[in-house]
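The block underneath contains the structure these notes are about, expressed in structure tokens.
The values are calculated or read from the model by the stated rules, or taken from the named source; none is laboratory data. Keep in mind the model is a prediction, meaning the values are calculated, not measured. Note that each Cβ is placed from the backbone with ideal geometry, even for glycine, and that neighbours are counted across all protein chains shown.
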Amino acid sequence: MPNIASAKKRVRTSEKRAKINHSRMMRIRGFVRQVEEAIQSGDKDAALKALKTAEPEIMRGVSKGVVHKNTGARKVSRLGKAVAKLK
């Protein structure tokens, strides 16, 4: 345990930020899962709709620093390609 006040505060803030980042990451994963489930079911309309809601969430994670810029772009790109493959 830290003894210095600033170190104590740093522990408190880092725990708070970790909770926020975790919830943001879980939200992104949920939206991505919805797209993947729609792709698995073969429903192109549902997959497109899910992708349109997932993309802003992924990019919001990028802007908040939860996900790296390239990781977010890669996820959106791969999901888009998978949806485009559906007939």
Checklist entry - Conditions: (1) charged (D, E, K, R); (2) in contact with a Phe, Trp or Tyr (Cβ under 6 Å, 6 or more places away or on another chain); (3) exposed (fewer than 15 other Cβ atoms within 10 Å of the Cβ). GLU57 meets all but one. Number of the miss? => result (3)
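Per-residue answers, yes or no, for (1) in contact with a helix residue (DSSP H, G or I) (Cβ under 9 Å, 6 or more places away or on another chain); (2) of a type outside the set (Gly, Ala, Ser); (3) more than 22 Å from ALA73 (Cβ to Cβ); (4) at pLDDT 95 or above:
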residue: ASN3; (1), (2), (3), (4): no, yes, yes, no
residue: LYS9; (1), (2), (3), (4): no, yes, yes, yes
residue: GLU15; (1), (2), (3), (4): no, yes, yes, yes
residue: ILE28; (1), (2), (3), (4): yes, yes, no, yes
residue: VAL35; (1), (2), (3), (4): yes, yes, no, yes
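Okay, residues lined up against (1) more than 22 Å from LYS87 (Cβ to Cβ); (2) free of Cβ contacts under 8 Å to residues at least 24 places away in the same chain:
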{"site": "HIS22", "(1), (2)": "yes, yes"}
{"site": "GLY30", "(1), (2)": "yes, yes"}
{"site": "GLN34", "(1), (2)": "no, yes"}
{"site": "ILE39", "(1), (2)": "no, no"}
{"site": "GLY42", "(1), (2)": "no, no"}
{"site": "LEU51", "(1), (2)": "no, no"}
{"site": "VAL67", "(1), (2)": "yes, no"}
{"site": "THR71", "(1), (2)": "yes, yes"}
Checklist entry - Restricting the search to region 21-42, which residues are surrounded by fewer than 17 Cβ atoms within 10 Å (Cβ to Cβ) and either outside any helix (DSSP H, G or I) or of a type in the set (Lys, Arg) (or both)? => result ARG27, ARG29, ARG33, GLY42
Checklist entry - (1) among the basic types (Lys, Arg); (2) assigned to a helix (DSSP H, G or I); (3) touching a residue at least 24 places away in the same chain (Cβ under 8 Å): which one isn't true of ARG10, the others all being true? => result (3)
